[in-house]
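Remarks on the structure that follows.
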Amino acid sequence: MATSYRSKRATQRKTAPGNGSPTNGHPEVDETAAPRSKYRIISLDGGGMRTLLSLGILKRIEQERPGFLDEVQLVAGTSAGAISALILAAARSPSAGLDAARNLWFAPGLFTIPFGNQVGALVGAKALTPNEAMARALTDVLGDKTLADLHRHVIIPAFQLDDRNPDEDLRGWRPRVFHNLPGDPFVQKGEYLVDLALRSSAMPIVSPVYQGYADGGLFANNPTLAAVAQALYAKVTTREELRVLSLGTGDSVDYLEGYNESWGYAKWLLDTKQPMAFVAASIEANVEAIEFQTQMLLPPGSTLRVDPLVPFNLGSSVEQQVATMDRIVKRFDLTSTLKWVDESGWMPPRRPRRAQASVTEETAEASPR
């Protein structure tokens, strides 16, 4: 059985209280209340360290429209996006969690690959990257928090490799979606956030299997549709009231030139110009199909996809990759994104400045001198 990377405090912890418990002092997510006028979802794709692009875009939107992130009711994320989503949802407010989600990727040892793993990966006997450093970094940020401790709803896809069904005819692997929405007996709110993040980001070949789970990107690298479906199933909102901002981790130009070629695994998996092409094509097709399906399911104008163009090679080192992503975020044109935020009803209505000034003047005149 896989080790659970949670704080030692967890073994002494009582059953996690609801968010409204006096022990944590945070407002509870009221699952029985009538839906608010708008139900806002932020969806974060998987993509490894390129999740910094998504976080950077979110930070720029927040700077231009203060309070934008704090209006969110649900944060969905897959793989690296799951790590970001859980940190945002666990923070005092999503806007307060942005820096913590970014800084996690600079934790010591995160990209150190032991020699044994390098050799093992080369011969196909071992995952390339151990998950201990990521587990430590996640624990430093999330501690022993569980789904019950979150201030907002979350959607976290992960792929279960064996459902251990006692009926051998029915036993198999299954896509799973972890969340804290009402109405699903599969999900337990005592699940530790660190465990969920490691399950969703256990990319085959790159990372070890974690607790019997592999990367959620195998079926929902873009978790937008999973979030929409689960929110509607839980009846916390309606199609008309949903507002969805879906963020990718960079759209690079990928293709394989060929027509009637007889390609084997060498081309599909080991091509030097497009390594792991089969995996990349499967994930990209998944992402684009989900984007189209979401657009068709929801009313026009209620959803927006943001996915900046990026070069195929971001850099040869972590430092170069970060610098490239930061430049892309800085130069990205937010005009259409901000227009959507303003026109979609995402932000609550605000009193016009002229009316505000009038009220201020009236208040000043009525004040005792």
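List of remarks:
- Bridgeable aspartates and glutamates around Lys273 (alpha carbons under 16 Å apart, same-chain partners fewer than 8 residues away excluded): Asp254, Glu257.
- Normalised alpha carbon radius of gyration of the range 215-354 [divisor 2.2 N^0.38 Å]: 1.32
- Per residue solvent-accessible surface (Å²) - the range 268-346, probe of 1.4 Å: 59
- Full extension of the chain segment joining Val209 with Ala285 gains 25.0 nm, where the gain is 0.36 nm per residue of separation less the Cα-Cα distance.
- Comparing Cα centroids, the range 235-298 and the range 151-191 end up 24 angstrom apart.
- To put it simply, the accessible area of the range 295-353 at a 1.4 Å probe is 55 percent carbon and sulfur.
- Amide H to amide H distances under 5 Å link Ile155 with Val75, Ala76, Gly77, where only residues 5 or more positions off or on other chains count and H is placed in the peptide plane.
- Solvent-accessible area, 1.4 Å probe, carbon plus sulfur percent, for the range 126-202: 50
- Phi angles of the range 296-312 translate, via the Karplus equation with coefficients 6.51, -1.76, 1.60 and θ = phi - 60°, into HN-Hα couplings of 6, 6, 9, x, x, x, 8, 9, 9, 10, 10, 8, x, 5, 9, x, 4 Hz per residue; Gly and Pro are given as x.
- Over 24 Å (Cα to Cα) - which of Lys59/Lys235; Lys126/Lys189; Lys59/Lys189; Lys38/Lys235 fall in this group: Lys59/Lys235; Lys126/Lys189; Lys59/Lys189
- Surface accessible to a 1.4 Å probe, per residue, for the residues of the range 225-267, Å²: 59
- Computed over the range 202-270, the quotient of the alpha carbon radius of gyration and 2.2 N^0.38 Å is 1.64.
- Pairs of Cα atoms farther than 17 Å apart, the range 102-194, %: 67
The values are calculated or read from the model by the stated rules, or taken from the named source; none is laboratory data. Owing to the predicted nature of the structure, the values given are computational and were not obtained by experimental measurement. When the accessible area is computed, the model is the full protein with side chains, heavy atoms only, and any ligands, DNA or RNA have been set aside. Shrake-Rupley method; radii C 1.70, N 1.55, O 1.52, S 1.80 Å.
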